Amino acid sequence: MGDDMGSIKVKRTAAALAAVALVGFAAACGGGDDTTSAAEPGTAAEATAAAKAPGKGNAEMLAACADVRKMFAALDGGDQATAKSLMTSSYGAFKKITDANDGKDPQLASNAEAMWSILDELPVAPIHESIQAEVYGIDCVRQYGAPALQG
């Protein structure tokens, strides 16, 4: 059974990394605006401006992202129990968003899936350099304008 769980974790991590690469590739391709370069870093204001317009799915996504941010804060404070609880609740919220939007809003479903797929275990130190933090930065901060992690 351990091999099966390890295999699932490897597949989830690979899926999350593939999602990260696809989002980065899409950002690099741009929308035909010749005034910026794909190599130029985006600002927080640009990320917020680029975030999707408010909607039910986006509000749900931001709420689930807020729980992930709280999970990181709990870990920073050494509160493993709270972090585990927030990880579990946000996993469920992202899974629900994925299921509800599959076929209706493929981008939202994909972003939510990338998030729940990496929430099967708490990040390990350095937590702000973990795959969970990286995917949060792409699927919550860049896509939906959630606050960036401190650290």
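The values are calculated or read from the model by the stated rules, or taken from the named source; none is laboratory data. Nothing here was measured: the structure is a model prediction, and the numbers come from that model. Cβ sites come from the backbone with ideal geometry, for glycine too, and all protein chains shown count toward neighbours. The area values use the complete protein model at the heavy-atom level, side chains included, leaving out ligands, DNA and RNA. Shrake-Rupley method; radii C 1.70, N 1.55, O 1.52, S 1.80 Å.
General remarks:
- Qualifying positions in region 58-99 - under 15 Å from the mean Cα position of the chain (by Cα) and among the hydroxyl-bearing types (Ser, Thr, Tyr): Thr88, Ser89, Ser90, Tyr91, Thr98
- Hey, Ala83 among the small types (Gly, Ala, Ser), within 17 Å of Glu60 (Cα to Cα) and touching a residue at least 24 places away in the same chain (Cβ under 8 Å) or not: no
- When residues in region 99-151 are screened for being open to solvent by 60 Å² or more (accessible area, probe 1.4 Å) and within 18 Å of Ala73 (Cα to Cα), 9 of them pass.
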